Structure formats: structure tokens, C-alpha cells
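First comes the structure, then the notes that go with it.
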Amino acid sequence: MASSILQGVAEQCQALRDGSSNSQTTALLLTAALPLLFILLLLGKFLYPTFDPREPPVLYPRVPFIGHIISLVREKSGFYARLYKEKRMPICTLPMLNGKLYVINSPTLISAAMRSRDLSFDPFSIEFAEGALGLTKEHTKLFSQPGFMDEVNKVIHSSMTGDSLKQMMARGLADIAGKLNAIGAKESVEVENSFVWLRDIMSKAVMWALYGEKNPWTEDAIAAIWDYDENVMILAMNMFPSLLAPKAVAARAKAQAVMKPFYVARHYEREDVAAIIRGRAILERDIGISDEDLGRVEFTMPWVAITNTIPTLFWFFSNVFSRPEYLERVREEILDVTTIAEDGKGRRLGRIDITKLEKKPFTTACYQEASRLYNDAVGNRRVMQDTIIKDASGEYLLTKGTNVQWGVGVLHMNPAFWGPGADTFHFEPGRWMEVSAEEERKRRGAMIPFGGGKHLCPGRSFALAENLGLTSALALGYDLEGVQVPGCDPPYMGTAVRRPAWEKQGTSSSIRISRRKGWEDVTWSFAN
Ligand code: HEM
């Protein structure tokens with residue numbers, strides 16, 4: 001940058017000496033410009049980041065300083081895919097204002113970044129919380145105590161395994177069954193928007209699973225989470241939130257107000273509350289967060305629990321139910337894991353075993369394909385100590401304090417890993433069936449819908465069980481007319497999964513649901 005300015009000045013001086021530009025005006029202008037150039041050079045020295053030759057290659061934006069920032073805001077997660085398509089770099093350094101950002105595209109380097117102890121997600125959790133949850137500096141100071149985030153990590157990951165996980169799954173699945181069983185044999189339900197219909201059923205089930213009998217989440221309060229979801233990143237930036245995102249601020253206030261009495265009454269200590277909710281609250285209480293404030297701080301949990309689960313459910317559901325041949329194959333597999341018994345009162349009981357369904361090849365392939373195609377998360381880490389990561393393309397120095405990102409879509413939609421058509425929105429469950437050892441090897445590290453390393457999403461098995469539960473009972477026991485697959489928009493910033501954009505392909509969101517012929521008398525339940 002500085003050298004190109006100097007070069008420009010030198011060329012002008014040469015032109016003056018040569019007499020090729022001897023006008024007095026030019027000389028005057030140049031004299032006046034010299035101090036300005038000097039200031040620019042000085043500013044450049046202090047404002048522009050420096051690069052070590054061992055760092056990833058630098059990719060300068062067309063518009064200096066702010067070019068990459070503008071592209072990121074405009075293109076969202078699509079920015080990483082575009083950059084990779086144009087440059088095909090395994091990793092690069094993007095100068096931004098007076099800082100820089102590393103962007104990784106190689107699966108091996110992404111895996112290394114996720115596993116590295118010197119790269120951390122924790123600073124983002126804390127910084128995000130301040131704006132997104134409306135916390136005070138006091139709260140963030142408490143969270144920043146050495147070792148606290150490691151304790152949170154331990155609680156999060158140990159509480160979503162074994163019996164705690166099973167209990168959560170069972171509660172959620174029972175709630176889903178209740179909603180479907182309520183659809184009578186003689187009625188048909190007209191649904192205006194299939195995404196919203198699924199969203200409302202699943203949100204309630206997840207809240208029930210997390211908060212137990214004292215679950216505070218009303219329909220209204222759940223709707224507020226979805227209003228918040230759309231604008232959470234504006235809040236996270238923490239600049240004039242009431243002005244820039246008043247709807248999200250109001251939604252957050254409403255949701256946090258609903259949570260407050262739950263925490264003030266210490267319902268989180270109850271046995272029927274999910275261990276992740278209980279464990280986090282106790283940990284936070286122990287470092288000095290009051291019960292009154294826990295409802296505010298813990299608002300992050302219901303949000304992360306539904307914001308990616310439900311879009312994943314929607315894409316799995318719509319891609320299967322809109323294709324009769326796929327629906328038929330999925331139905332066969334579900335039937336195989338379902339027991340039907342008389343209830344002694346003239347009705348039948350249908351029990352779907354979700355753990356067995358999780359092993360069925362075609363159903364799993366459809367779920368995987370939906371996750372591959374529609375998950376476009378952006379991975380984030382901060383370099384805590386200078387560190388080196390490497391792959392076959394070379395070794396790269398990552399310097400302390402720099403942020404690192406990767407776009408999941410760059411890997412998930414790369415035909416080099418997933419075969420022809422993988423870079424278009426072509427849903428092909430066949431990609432997941434009969435995969436050769438060679439293909440398996442090529443795909444290693446290229447499927448990362450849940451992130452990885454010590455921050456690997458702890459909710460992935462819960463989400464899978466609930467999503468399979470709802471779709472499997474629907475597939476076997478109900479007829480759904482009019483299901484279409486819409487176009488999609490990038491995920492909202494801070495979330496992982498693309499959102500439906502009905503208007504893009506003129507698709508209709510409305511569907512009609514009725515009991516399937518021959519299955520009208522079945523009451524559904526799940527084993528997990
Ligand atoms: C299909 C559904 C889901 C998807 C696609 C998803 C995706 C993700 C991703 C990409 C991350 C970041 C991981 C990283 O940076 O390495 C994450 C983290 C997390 N997710 Fe999920 N998630 C889902 C469901 C859930 C559910 C149901 C819960 C809770 C009930 C949950 C709780 C969390 C938590 C607490 C973290 C932070 C983990 C940490 O910092 O160690 N997620 N998730």
C-alpha cells in the first residue's frame with residue numbers, strides 16, 4: 001500500500017523533471033499534496049496491519065481498508081464461497097481496516113484450527129453475550145475469569161450425554177407425539193406456512209425437553225425468540241440496538257421476562273429440568289450471577305437449541321415429503337422400526353424406535369444430505385498464541401489476537417468431495433449410500449455441520465432424535481399435500497442453517513395434513 005503511494009509520487013516528480021508536465025498548477029498541487037502524502041504514509045504505517053511472510057497469503061480487497069468488510073456484510077456466508085471460487089486458496093489473510101482475518105478453506109486446516117488449543121471460541125461467546133443478551137460489563141467480567149469458560153464447556157458437554165440426553169429426548173418426543181395425536185381422524189388441517197407449522201411444534205417440544213414441568217415458554221414468548229433470531233447480529237454488534245433493531249430488543253425483553261420467574265423460583269434445580277439448563281445456572285450462580293439475572297444470561301440456551309434444529313428439520317422434511325419416491329423409501333424403513341399393538345380400547349398404538357431409525361441407511365442419507373446442502377455455518381476462532389497449522393499445501397503462521405473463520409458451505413458444496421452437482425441445490429441422498437473407501441478418504445473433514453474440536457455442538461444427537469421423531473410419525477401416519485421445496489437465503493448471522501425463501505422460486509408454503517388411510521386409529525409414541 002505505502003509503496004504504491006510512493007511509486008505514484010515518484011512518477012509525478014519524474015514527469016515534472018522531464019518537463020512532460022510543467023504546468024505551474026500541477027507543481028502547486030503536488031507541493032500541497034506532499035504533506036498529505038506524508039500523513040497518509042504515517043497513517044498507513046500505524047493503521048495498516050503488518051504481515052509476516054509465514055502468515056497465509058494476503059488477499060487485498062479492491063476497495064482498500066473496507067472492501068472485504070463490505071463484501072461480508074453484503075454477501076453474508078456466501079462471501080466465503082465466492083472468495084474460494086475465485087481464488088481457490090487453502091487459506092488466506094484478508095486485511096480489514098487496521099486488522100486482518102484468516103479465512104480457511106482446506107478441510108485439513110479447518111480440522112487443525114478446531115483442534116488447536118491455541119485457538120478459542122470463548123472470546124466470541126463472551127463478546128457476543130454482552131450485546132446479544134444485553135449484559136452488563138460486570139457480567140462479562142465474571143465470565144472472563146480465568147478457567148470459567150472451561151468449566152462451562154465441561155458442563156455443556158457432559159450434560160448432553162447418557163441418561164440426561166435420553167431424558168431430554170424422551171420429553172421432547174412425547175410432546176411431539178401429543179401434537180400429532182391431537183390431529184383427529186376426520187379432520188384435515190390447513191397450514192398456511194409449513195415452516196412455521198413445524199417450527200411451532202418443534203419449538204414447544206424443545207422447550208418442554210429443556211425446562212420440564214415448570215417450563216415458562218408460552219406460545220407468545222416462543223414467537224419472540226424467532227423475532228429476536230432475525231436480528232440477533234445487530235444486537236451483538238452493540239451499537240444503538242434500540243435504534244437499529246427495536247423489534248429484536250422488544251422480543252428479547254419479552255423472552256427474558258418470561259425466563260426470570262423460572263430462575264428466581266430456582267426451578268432450574270428440579271430433576272425434570274435438562275442437565276444442561278441446571279448445570280449452567282448453578283455454575284453461573286456460583287460465580288455471582290443473581291437468580292434475577294440468570295434469566296437474562298441464560299436466554300442464549302433456548303435460542304441455540306431451536307435456531308438450527310428447526311431449519312434442519314424443515315429442509316429434511318420438505319425434500320423428502322415433496323418426492324413420493326423418497327417418501328416411500330423412508331416409510332419402508334420407518335415401518336421396519338415400528339411396533340403396532342392393540343390398546344384394548346379399539347385403537348392401535350404405534351411406537352417408533354428412534355435409535356433404530358437412526359441406523360436406517362436411506363433415512364439417514366436424507367438427513368445427512370439436508371445437513372450438507374443447507375448448513376452454511378461460519379466457524380469462528382481467535383488465535384490466543386502464535387501458532388502454526390499445516391496441510392499438504394504448506395505451513396502457516398497464525399498470529400496472536402487475529403480472528404479465524406471458515407465457511408462451511410465452501411466444504412459442503414465442493415464437488416471435489418461430494419461429486420457432480422454438489423455445488424448446486426440438488427438434493428441427492430445417493431451421495432451417502434455405498435460410499436467407497438477412496439471417497440470416504442477424500443471426504444474426511446469436509447462435513448462439519450456441527451463444528452468440531454472442543455466446541456463441537458453438544459445438541460446434535462438431541463436435534464437428530466427430535467427431527468427424526470416428528471418426520472417419521474408424519475410419514476407413516478399422515479398424508480401431507482402440497483409440500484414444496486423453496487429457494488433459500490443464507491443463515492442469519494450467528495446461526496448455521498439456511499432459511500426458506502418462498503418467493504425466490506414462486507413456491508407455495510401452504511400444505512394440508514390429514515390422517516393417512518389405514519392409519520386413522522393409531523396413537524403415536526416413540527422409543528429412544
Ligand atoms: C441441527 C441442529 C443444530 C446445528 C446444525 C447446530 C450447530 C452448531 C454449531 C455449528 C456450533 C458451533 C460449533 C463450533 O464452533 O465448533 C454449535 C454449538 C453449540 N450448540 Fe448447536 N446446533 C444444533 C442444535 C443444537 C441444540 C438442539 C442445542 C441444545 C439443546 C445446541 C447447543 C449448542 C451449544 C451449547 C453450543 C456451544 C458449544 C460450545 O461452545 O462448546 N445445538 N452448534
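Of (1) buried (at least 19 other Cβ atoms within 10 Å of the Cβ); (2) at pLDDT below 95; (3) not small (Gly, Ala, Ser), residue 474 satisfies all except one. Which?
(2)
Kindly indicate whether any position in the range 162-173 is part of a loop (DSSP other than H, G, I, E, B) and either modelled with pLDDT of 95 or more or over 25 Å from the mean Cα position of the chain (by Cα) (or both).
no
Does residue 461 meet the test of being of a type in the set (Ser, Thr, Tyr) and within 13 Å of the ligand (Cβ to nearest atom)?
In short, yes.
Please identify the pairs in which a residue from the range 438-454 that is without any contact (Cβ under 8 Å) to a residue 60 or more places away in the chain has its Cβ atom under 8 Å from the Cβ atom of a residue that is within 16 Å of the ligand (Cβ to nearest atom) and of a type outside the set (Ser, Thr, Tyr), counting only partners at least 6 apart or on another chain.
What qualifies is 450/456; 450/457; 450/460.
Can you name every residue in the range 376-408 that is within 11 Å of the ligand (Cβ to nearest atom) and either touching a Ser or Thr at 6+ places or on another chain (Cβ under 7 Å) or of a type in the set (D, E, K, R) (or both)?
Within the range 376-408, 376, 378, 381 meet the criteria.
Kindly list, by first and then second residue, each pair from a residue in the range 337-360 that is of a type in the set (A, V, I, L, M) to a residue that is at pLDDT below 95, limited to pairs with Cβ atoms under 6 Å and residues at least 6 apart or on different chains.
Close Cβ pairs (under 6 Å, with a partner that is at pLDDT below 95) amount to 349/343.
Can you spot a residue in the range 178-197 that is within 19 Å of the chain's Cα centre (by Cα) and part of a helix (DSSP H, G or I)?
yes
Consider residue 444 against the criteria (1) touching a Ser or Thr at 6+ places or on another chain (Cβ under 9 Å); (2) under 24 Å from residue 68 (Cβ atoms): it satisfies all of them except one. Which criterion is unmet?
(2)
Checking residue 201 against (1) surrounded by fewer than 15 Cβ atoms within 10 Å (Cβ to Cβ); (2) part of a helix (DSSP H, G or I); (3) of a type in the set (A, V, I, L, M, F, W, C), which test does it fail?
Going through the list (1) surrounded by fewer than 15 Cβ atoms within 10 Å (Cβ to Cβ); (2) part of a helix (DSSP H, G or I); (3) of a type in the set (A, V, I, L, M, F, W, C), residue 201 breaks only (1).
Tell me the residue from 251, 255, 209 that is free of Cβ contacts under 8 Å to residues at least 40 places away in the same chain, assigned to a helix (DSSP H, G or I) and surrounded by 19 or more Cβ atoms within 10 Å (Cβ to Cβ), please.
251
Do you know which residues across the range 417-458 are away from the ligand (no atom under 16 Å from the Cβ) and on the phi > 0 side of the Ramachandran plot? Outline the logic, then answer.
Looking only at the range 417-458, we keep the residues that are away from the ligand (no atom under 16 Å from the Cβ), and these are 417-444.
Residues satisfying the conditions are 419, 421, 434.
Condition first: in contact (Cβ under 8 Å) with a residue 60 or more places away in the chain, part of a helix (DSSP H, G or I) and either over 25 Å from the mean Cα position of the chain (by Cα) or surrounded by fewer than 17 Cβ atoms within 10 Å (Cβ to Cβ) (or both). Can you find one or more residues in the range 98-106 that meet it? So that I can check it myself, show each step before the final result.
Filtering the range 98-106 down to residues in contact (Cβ under 8 Å) with a residue 60 or more places away in the chain leaves 99-106.
Next, from what is left, pick out any that are part of a helix (DSSP H, G or I): none.
Checked the range 98-106: no residue is in contact (Cβ under 8 Å) with a residue 60 or more places away in the chain, part of a helix (DSSP H, G or I) and either over 25 Å from the mean Cα position of the chain (by Cα) or surrounded by fewer than 17 Cβ atoms within 10 Å (Cβ to Cβ) (or both).
Can we say residue 90 is over 30 Å from residue 245 (Cα atoms), more than 16 Å from the ligand (Cβ to nearest atom) and at pLDDT 95 or above?
Working: over 30 Å from residue 245 (Cα atoms): yes; more than 16 Å from the ligand (Cβ to nearest atom): yes; at pLDDT 95 or above: yes.
Yes, satisfied.
Can you say whether residue 209 is closer than 26 Å to residue 478 by Cα and within 13 Å of the ligand (Cβ to nearest atom), as far as the supplied structure shows?
yes
Please verify whether the range 219-227 includes one or more residues that are in a helix (DSSP H, G or I), surrounded by fewer than 20 Cβ atoms within 10 Å (Cβ to Cβ) and in contact with a strand residue (DSSP E or B) (Cβ under 8 Å, 6 or more places away or on another chain).
No, the range 219-227 contains no residue that is in a helix (DSSP H, G or I), surrounded by fewer than 20 Cβ atoms within 10 Å (Cβ to Cβ) and in contact with a strand residue (DSSP E or B) (Cβ under 8 Å, 6 or more places away or on another chain).
The values are calculated or read from the model by the stated rules, or taken from the named source; none is laboratory data. This is a predicted model, so every value here is computed, not measured. Every residue, glycine as well, gets a Cβ built from its backbone with ideal geometry; the counts of neighbours run over all protein chains shown.
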